[in-house]
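Have a look at the structure below before the remarks.
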4 protein chains.
Amino acid sequence: MKITEVRTIVTCPGRNYVLVKILTDEGVYGVGEGSMNSSEPAVAAMIEHSSQWLIGQNPFNIEDLWQILYRNTYWRGGPVFRTALGALDIALWDLKAKALNVPVYELLGGRARRGVLCYTHSGGGSYDEIVEDVQRCQEAGFRVIRVQHGGYGGPGILGHDPNPIEGFPAIPIFEPGGYLSDTPKMFEHLRMALGDEVELCHDVHEQLGPTDAAWLARALEPFRLYFLEDPVMPEEWEGLRQIRSASTTRIALGEILYNREHIIPLITERLIDFLRTPPMRMGGLTEARKIFSVAEMYDVRTAFHGAQDIGPIAQAASVHFNLAIHNMGVQEWVTYPDAAYEVMPGACTFSEGLANPNPGPGLGIDIDEDLAKKYPFQTARLPIFRRWDGGIHRH
Amino acid sequence: MKITEVRTIVTCPGRNYVLVKILTDEGVYGVGEGSMNSSEPAVAAMIEHSSQWLIGQNPFNIEDLWQILYRNTYWRGGPVFRTALGALDIALWDLKAKALNVPVYELLGGRARRGVLCYTHSGGGSYDEIVEDVQRCQEAGFRVIRVQHGGYGGPGILGHDPNPIEGFPAIPIFEPGGYLSDTPKMFEHLRMALGDEVELCHDVHEQLGPTDAAWLARALEPFRLYFLEDPVMPEEWEGLRQIRSASTTRIALGEILYNREHIIPLITERLIDFLRTPPMRMGGLTEARKIFSVAEMYDVRTAFHGAQDIGPIAQAASVHFNLAIHNMGVQEWVTYPDAAYEVMPGACTFSEGLANPNPGPGLGIDIDEDLAKKYPFQTARLPIFRRWDGGIHRH
Amino acid sequence: MKITEVRTIVTCPGRNYVLVKILTDEGVYGVGEGSMNSSEPAVAAMIEHSSQWLIGQNPFNIEDLWQILYRNTYWRGGPVFRTALGALDIALWDLKAKALNVPVYELLGGRARRGVLCYTHSGGGSYDEIVEDVQRCQEAGFRVIRVQHGGYGGPGILGHDPNPIEGFPAIPIFEPGGYLSDTPKMFEHLRMALGDEVELCHDVHEQLGPTDAAWLARALEPFRLYFLEDPVMPEEWEGLRQIRSASTTRIALGEILYNREHIIPLITERLIDFLRTPPMRMGGLTEARKIFSVAEMYDVRTAFHGAQDIGPIAQAASVHFNLAIHNMGVQEWVTYPDAAYEVMPGACTFSEGLANPNPGPGLGIDIDEDLAKKYPFQTARLPIFRRWDGGIHRH
Amino acid sequence: MKITEVRTIVTCPGRNYVLVKILTDEGVYGVGEGSMNSSEPAVAAMIEHSSQWLIGQNPFNIEDLWQILYRNTYWRGGPVFRTALGALDIALWDLKAKALNVPVYELLGGRARRGVLCYTHSGGGSYDEIVEDVQRCQEAGFRVIRVQHGGYGGPGILGHDPNPIEGFPAIPIFEPGGYLSDTPKMFEHLRMALGDEVELCHDVHEQLGPTDAAWLARALEPFRLYFLEDPVMPEEWEGLRQIRSASTTRIALGEILYNREHIIPLITERLIDFLRTPPMRMGGLTEARKIFSVAEMYDVRTAFHGAQDIGPIAQAASVHFNLAIHNMGVQEWVTYPDAAYEVMPGACTFSEGLANPNPGPGLGIDIDEDLAKKYPFQTARLPIFRRWDGGIHRH
């Protein structure tokens, strides 16, 4: 079998997704995804460049092809390249599993659990609203629930920059004081209202400096979080050490990580409990198998990022991987707009707390290329914050 | 598909081998091996105990079955259990690959090289004899050649214990002085006679203490060894650190290792360059995939032990694994007596420096159970050494 | 005096025990034990293989014989071999002490205390039941008492796997949340009900990951435990460091350890306060003397595992050893079924908080070989756990 | 002053270059460069996306704009984004310096030396050819000269892969043995022929594993290198530590680095002596000022990568920066095809060992946009290597 063509598809059925399709001379093909917030055209350009090396090759030699793609780029790292590599690698696994007529998880070691434990998002403008929202999530079958007080930035948001960038939305102003004061109180309220059983987590969104993050992680110990996410930026090696030495709160991190040389020391030093980097972002299932083999040795588990910026195909890759490995932790779960499900038929489903892939060989999901063309790429911008004095905030 | 029976076969077609066969209700079966010098009955007993858990299970769920076997034993580690687990795990991979009609290496990531680089043993009673023997090996196609001066213990052997254990062969006497003085001279002679190109390695057989081993590793630097094997016992953490800080000679080690908690720190501290623990000894291909994923992050490579105490089925598992991973190094290569090849038809072959598996699905090798019965187990003893003063030598 | 025969006896007077008897040409003999949960046939096979080296030897040369046995096996480590070595070594000490007509503790340095402080197990389905059970133990003379809420897994048990292995007992499901929430509350209740004086310990049974274990060890600080046992798996080097840096709760660990290279770093880094590996499991009294010599330098003490999987002979070895060394801590104490006491007459006794050996030379205990034959080996299985999502749980 | 437009220009006057031009409402404009081997379309896409944030802004607020660009991307790192950021940042500094009618180095602290010490490349197929080539470089005014024996891979190249990728140039085969044996001999020959005065350096091109690299760094000590470049991949933290503890040869590294969290630990641990990451690659002059402020504290110096994959504008940014900082080391110097000098008039010049920028405000260099259009982007591929057994080589 030989690879004859690699197609890169950028589509926006509600949100921008970068998709890839690897075709062969025997008709069987594989699908992959390399979506990346605000960097879609860069990833698409990288996939197109890298895929030259695949034409004429035997798609079964995944490790060899991965190494060729990885080594020939000269740069090896960075989120754009690692995501492009991830898209191609996921498509190769889908292709091979389809050719052997088994689900992808069979090639990764076989099914190791009945489904993938998922967590969902809840929140509200007041403590009581949050309690209600958590209860709604519990009724929907979730056993692990992320709670946030208010919108992005929570009680740290003081208003908006009075001097915004021309033509851009006004920039919110964040100060850590209010956020730090509020968060332990929120959890105290939640534990009193909801009891000790429900598993709760919380996302700091990298808004805190190291000492504040350590303060918060210690202050939250009595409420036994399932995890505290992104307490600082993952670049802050010493900050992460400071949090660890100050507290016993479980730490989840990694949704913006991509390079093995950054991830591995976080694991081997046990600076984290959950690694959130999904297979797509780190170079695909081939790299995820290796990285999470290291993680298994240190009891670091998956908590794959799975917000809507990661589409149904990358979600399926995460779910197949989570089904097959021992050190699975929890999976962030979202649903997509109808249009996304139509462009990518065969998405994973959620039921009674667990996600499972669509049955069928490979990932179980496909691309409707004609439909994808009806949703062209749309430029989007992510928010930034200023401090009260007008300086740009950390994250 | 369900596992219906697990057969344990101990046979001695020239040397003792412990073999295993996992049978299913659909007729497809897998073969594995768990041979272990002088501990064969213990391994066979352990396989028989552990295999209870497999009956009735779906053999495709290899990761889950591995975890069940690993966790239920209570002990998890040790060479007897890890080897028993390795035998069962190898048989599960053989079975699954046969069921999918592909070679085992396809399930491990696909072929990543045209063959497996092998090294062989050479030696002689004099430097000139060694030179001739190396040249003979080169003509046979080997690019990497292990050289030893004299028999086991080399020029360190002073004779035999005058007061041997009753009924046992006389114990040799070893002193490090002669061995240390000789070895750099041997390599100087070999490099002068053979040039710089041929890749040479040497096995210390754990005969030296840490400081002597560091002395030797440094003294051999000018001769650029392919590797220096087992300079000390692998239990000697500080000794290994001492060797590393004293020298830049490549170190190979691990033929008697088995537990991940012992292996992983050797890799992450980069105390070794080559890990010699074969998949069979560490719990099978499932564990080897994980351990060598860690090793890839640190550029530690395979140099799987492959003397005759490891039989043709375990050799095939090593070769398939080496074909599929990136951080393959070199494979120790031996041939077996004809009887062993007849009991286990379909062994790997060596040609022009490279080993390759027998084509066909699975490992490509089988067990002739009737023939195996004709070669019953035979008790054997391994040698030990005394020092000149009569004390037991280290290894 | 020469060793003429080594007999290996596997018997099941209520539970499987592996016993050994070393006979000499002068009539005096020694008894030892190498029991090992679910690995009895493997240990018996290993004892039979190793004991070849002893025939014809002078049994008084214990150090030399230990080194011969240790070095000739090629593998040196692992629980099967170390336990087999332990059985033979204990029998040699028993033999020598009998020949000299003194208790074994006299050869280990003499009696250093009037008896061996013991702890026992208590528990119950409710806090009040636990309180009552502790009081019952106090009345029975115990000053140190282990407390557990519920059965194995405690309040972490959610029920049973809906999809059990065919023909096996249903697998319990464990999640750490309920267990973590409950345990500090249990200790708060116990301290309020029982006061601060009684020494309480608790066994995590390796059920927690490192961060959760650190959380628990810190949360239990106010209740001043005698020790917290097996908070993580002993393989988790970084996890143990994390627990230590997070808390000041005393840690006991080691019932599944056996190799010196694993035990020694735990001591020299002071990652533990009590080492639970009994002499039988680490290669006998000869090895225990050396390991606990290192431990004395770091004030690490004995807390020998002594559940029913370790029989009366190994218990006697532990008690003699504890009587003689300086850094004795506490001894886990159980009683055995009558049948076991009959098969092994002369077991240690407990009175007013302390254990003592049966008077008489050697260990003070014997084997009734005829009776032993009436209780043949019975296959047994240890429990495993799944998580709620169906994945195999850590331990 | 307000930014009105950002133009991205991809041109191939001999080699692909990505250029940027920031225009304002006052007519003054700045030029920058973000060239990146084989990733040009990805960088261009990233510049176009990021530059949205600049429109309408005051170009003098470089720190604020840098933080906006850096924080809003969500990803912050990776060579594609860091290079895009570098291109924009360099253009902002050019613009501001032009507006103030001073050279860029004046804004960076003023001129701190009369010119920038440069090194050049020499080599040959034999030791004598290399000697002649070094002498030619000396006559051309170079005081620091890089020497290589043979082409890329040097004496490690064994020929070409017999089984090349279809439609691609045959892949060279590399084995470290020949390269390791040769390199110390080459330096011994050069020192004998050329004396001790001339400063010589050597580039390993990441071809060696850690232990081999440590071996080479130690073997080269007698020849006192100016630096040894890229002895291993910069991802290999433990490998770099191993090289450092084994040798006192100066180490230069970083041409493929880009993220501050990777660079800073190399400096603070003093694993390197020279950092080769040019300002363009790390996010521009704004980031270079900060990173080399840290480097000054540890006496780590610049040795900016400056091969032809970095064009004349990025070269000018490096030269201005090197003129102004204290811990300048050496600059890699190349000349470009005439077409490149015509597309980018005003390039730096070299004379008597030193480089200097074109006089005039800003960087002193411009872009001829009409001419640039005549040289459209051309796809190019970088070489990869296989080992003799067919496996992909490390780098």
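For C:Arg113, the criteria (1) buried (at least 17 other Cβ atoms within 10 Å of the Cβ); (2) modelled with pLDDT of 95 or more; (3) in the same structural domain as C:Arg301 (by TED's automatic domain parsing) hold in every case but one, which is (1). State whether one or more residues within segment A:98-115 are of a type in the set (Phe, Trp, Tyr) and free of Cβ contacts under 8 Å to residues at least 40 places away in the same chain. No: segment A:98-115 contains no residue that is of a type in the set (Phe, Trp, Tyr) and free of Cβ contacts under 8 Å to residues at least 40 places away in the same chain.
If the condition is being surrounded by fewer than 20 Cβ atoms within 10 Å (Cβ to Cβ) and either of a type in the set (A, V, I, L, M, F, W, C) or part of a strand (DSSP E or B) (or both), then segment B:345-363 contributes B:Thr349, B:Ser351, B:Asn356. Can you find even one residue in segment B:331-342 that is outside the structural domain of B:His205 (by TED's automatic domain parsing), of a type in the set (Phe, Trp, Tyr) and farther than 30 Å from B:Gly156 by Cβ? No, that holds for no residue. If the condition is being among the polar types (S, T, N, Q), closer than 20 Å to A:Pro13 by Cα and either under 20 Å from the mean Cα position of the chain (by Cα) or assigned by TED's automatic domain parsing to the domain that holds A:Thr11 (or both), then segment A:343-389 contributes only A:Thr349.
Would you confirm whether or not segment A:146-169 contains a residue that is away from chain D (no Cβ under 14 Å), closer than 28 Å to A:Phe350 by Cα and hydrophobic (A, V, I, L, M, F, W, C)? Looking for residues that are away from chain D (no Cβ under 14 Å), closer than 28 Å to A:Phe350 by Cα and hydrophobic (A, V, I, L, M, F, W, C), one finds at least one in segment A:146-169, hence yes.
Sub-7 Å Cβ pairs linking a first residue in segment C:339-358 that is of a type in the set (A, V, I, L, M, F, W, C) to a second residue that is assigned to a helix (DSSP H, G or I) and surrounded by fewer than 16 Cβ atoms within 10 Å (Cβ to Cβ), at least 6 apart or interchain, are C:Val343/C:Leu371, ordered by first then second residue. Tell me, yes or no, whether segment D:82-92 has at least one residue that is small (Gly, Ala, Ser), within 13 Å of chain A (Cβ to nearest Cβ) and farther than 20 Å from D:Ala316 by Cα. Scanning segment D:82-92 turns up no residue that is small (Gly, Ala, Ser), within 13 Å of chain A (Cβ to nearest Cβ) and farther than 20 Å from D:Ala316 by Cα.
Checked against the criterion of being crowded, with 24+ Cβ neighbours inside 10 Å and more than 28 Å from B:Tyr74 (Cβ to Cβ), segment C:88-96 has at least one qualifying residue.
Under the condition of being in contact with a His (Cβ under 9 Å, 6 or more places away or on another chain) and either at the interface with chain A (Cβ under 8 Å from one of its Cβ atoms) or part of a helix (DSSP H, G or I) (or both), the residues counted in segment B:95-105 number 3.
Look at segment C:27-39: where a residue is closer than 11 Å to C:Ala317 by Cβ and a partner is basic (Lys, Arg), sitting 6+ places away or on another chain with Cβ atoms under 6 Å, you get C:Val31/C:Lys21. In summary, B:Gly78 fulfils each of the numbered conditions (1) buried (at least 22 other Cβ atoms within 10 Å of the Cβ); (2) under 20 Å from C:Asp309 (Cβ atoms); (3) without any contact (Cβ under 8 Å) to a residue 40 or more places away in the chain; (4) not aromatic (Phe, Trp, Tyr) with the single exception of condition (3). Of the residues making up segment B:314-322, none is touching a residue at least 12 places away in the same chain (Cβ under 8 Å), over 16 Å from the mean Cα position of the chain (by Cα) and within 13 Å of another protein chain (Cβ to nearest Cβ).
A count restricted to segment A:51-87 and to residues that are touching a Pro at 6+ places or on another chain (Cβ under 7 Å) and modelled with pLDDT of 95 or more stands at 2. Inclusion of B:Ile325 among residues that are touching a Ser or Thr at 6+ places or on another chain (Cβ under 8 Å), in the same structural domain as B:Val204 (by TED's automatic domain parsing), under 27 Å from B:Glu139 (Cα atoms) and of a type in the set (A, V, I, L, M) is not warranted.
Counting only strands (runs of 3 or more DSSP E) that sit completely within segment C:147-264, those holding 1 or more residues that are of a type in the set (Phe, Trp, Tyr) and under 30 Å from A:Gly115 (Cα atoms) correspond to C:172-174. For segment D:228-256, the set of residues classified as in contact with a strand residue (DSSP E or B) (Cβ under 7 Å, 6 or more places away or on another chain), within 14 Å of chain A (Cβ to nearest Cβ) and under 17 Å from D:Thr183 (Cα atoms) consists of D:Asp230 only. Per the listing A:Leu54, A:Leu69, A:Leu65, the residue uniquely closer than 30 Å to B:Asp94 by Cα and either polar (S, T, N, Q) or in contact (Cβ under 8 Å) with a residue 40 or more places away in the chain (or both) is A:Leu54. Looking at D:Gln135, is it within 22 Å of D:Gly391 (Cβ to Cβ), among the polar types (S, T, N, Q) and either modelled with pLDDT of 95 or more or under 25 Å from the mean Cα position of the chain (by Cα) (or both)? The answer is no for D:Gln135. Here D:Met192 fulfils each of the conditions (1) within 14 Å of chain A (Cβ to nearest Cβ); (2) without any contact (Cβ under 8 Å) to a residue 12 or more places away in the chain; (3) surrounded by fewer than 18 Cβ atoms within 10 Å (Cβ to Cβ) apart from (1). Taken over segment A:324-335, residues that are over 16 Å from the mean Cα position of the chain (by Cα) and of a type outside the set (Gly, Ala, Ser) amount to 3. Out of B:Glu175, B:Glu221, B:Glu197, which single residue is in contact with a Ser or Thr (Cβ under 8 Å, 6 or more places away or on another chain) and modelled with pLDDT under 95? Sole residue among the options that is in contact with a Ser or Thr (Cβ under 8 Å, 6 or more places away or on another chain) and modelled with pLDDT under 95: B:Glu197.
Within segment B:123-132, being over 26 Å from the mean Cα position of the chain (by Cα) and assigned to a loop (DSSP other than H, G, I, E, B) holds for one residue alone: B:Ser126.
Within segment D:373-393, residues that are part of a helix (DSSP H, G or I) reach partners that are surrounded by fewer than 23 Cβ atoms within 10 Å (Cβ to Cβ) with beta carbons closer than 9 Å, at six or more positions or on different chains, in the pairs D:Lys373/D:Ile9. Of all the residues in segment D:267-277, those that are more than 11 Å from chain A (Cβ to nearest Cβ) and in a helix (DSSP H, G or I) number 1.
Restricting attention to strands (runs of 3 or more DSSP E) lying wholly within segment D:1-81, give those where 3 or more residues are closer than 23 Å to D:Gly346 by Cα and within 12 Å of chain A (Cβ to nearest Cβ).
Details: elements: D:3-11, D:17-24, D:29-33.
It comes to none.
Suppose the filter is touching a Ser or Thr at 6+ places or on another chain (Cβ under 9 Å) and free of Cβ contacts under 8 Å to residues at least 24 places away in the same chain; does A:Thr335 pass it? It is false that A:Thr335 is touching a Ser or Thr at 6+ places or on another chain (Cβ under 9 Å) and free of Cβ contacts under 8 Å to residues at least 24 places away in the same chain.
The values are calculated or read from the model by the stated rules, or taken from the named source; none is laboratory data. These figures come from a predicted structure and were not determined experimentally. Using ideal geometry, Cβ is built from the backbone for each residue, glycine included, and neighbour counts are taken over all protein chains shown.
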